[in-house]
Amino acid sequence: MGTLNCRHFLHFLLKCVLIFSCICGLSVGSELSFVTCGSVIKLLNVKHNVRLHSHDVRYGSGSGQQSVTGVSAMEDSNSYWSIRGTSDASCARGTPVKCGQTIRLTHVNTGRNLHSHYFTSPLSSNQEVSAFGEEGEGDHLDEWTVQCGGSVWKREESVRFLHKATDALLSVTGEQYGRPIHGQMEVHAMSSTSQHSLWKVMEGIFMKPSESPTGSRDYSHIHTEF
């Protein structure tokens, strides 16, 4: 099988596992207590009980880029995001994400990265958050720093995401859209720290490191145990 066909097959396999996990409410690698690079996750805003979401619907104002919202539905496949490194710092699959580490969150279904800039958000007039780029490649405005309390991002803890370029926190304050995305909440960025900017990992596929025969870590394989 050629490299390109192999990549397409792996992408198809990942989508199948995501759909199965979505329907059955299962998580892969559920024994892991920390979040790892290469994992595909859903993020819940703790204050408003909505999951970080995107879709191929563009803002009618501001940047005109792909919109990012919060949805209450647990099973929506448009709420999956892949944890990736930045153009300057790789994020080896299966390695724990450290507190203070800068990452990209790539929307699985559209291939665009969680993004922010100084455009004004449409409902609250805070800082707009969008999805930007193609096939996972955007720019430096796609970078977010994980703020957590220990050495690594633990799955059970609530964390914040600081937009590296603008020092604003990924937030939800409860404003709701009308048509065509009725009931979905605005996601934006704010400079102030509050309960509105706390997020927790929920459903997902969590990649874990394996042990090589010599006992050293081997990150070259994907492990997806149910």
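The values are calculated or read from the model by the stated rules, or taken from the named source; none is laboratory data. Quick caveat, the model's predicted, so the values are computed rather than measured. Here the Cβ positions follow ideal geometry from the backbone for every residue, glycine too, while neighbour counts run over all protein chains shown. For accessibility, only protein heavy atoms count, side chains too; no ligands or nucleic acids. Shrake-Rupley method; radii C 1.70, N 1.55, O 1.52, S 1.80 Å.
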Quiz item: G133: touching an Asp or Glu at 6+ places or on another chain (Cβ under 9 Å) and over 18 Å from Q101 (Cβ atoms), yes or no?
Solution: yes
Exercise. Of the conditions (1) out of contact with any helix residue (DSSP H, G or I) (no Cβ under 8 Å at 6 or more places or on another chain); (2) modelled with pLDDT of 95 or more, K47 clears all except one; give me its number.
Key: (1)
Practice problem: Could you tell me which numbered condition S67 fails, if it satisfies all but one of (1) within 15 Å of I181 (Cα to Cα); (2) surrounded by fewer than 19 Cβ atoms within 10 Å (Cβ to Cβ)? | Solution: (2)
Quiz item: Taking the stretch 84-109, which residues are open to solvent by less than 30 Å² (accessible area, probe 1.4 Å) and among the charged types (D, E, K, R)?
Solution: R104
Quiz item: If we keep just the residues of the stretch 71-83 that are touching a helix residue (DSSP H, G or I) at 6+ places or on another chain (Cβ under 9 Å) and of a type outside the set (S, T, Y), which is most open to solvent (accessible area, probe 1.4 Å)?
Solution: E75
Quiz item: What number goes with the only condition from (1) crowded, with 17+ Cβ neighbours inside 10 Å; (2) more than 28 Å from G149 (Cβ to Cβ); (3) not polar (S, T, N, Q) that G60 does not pass?
Solution: (1)
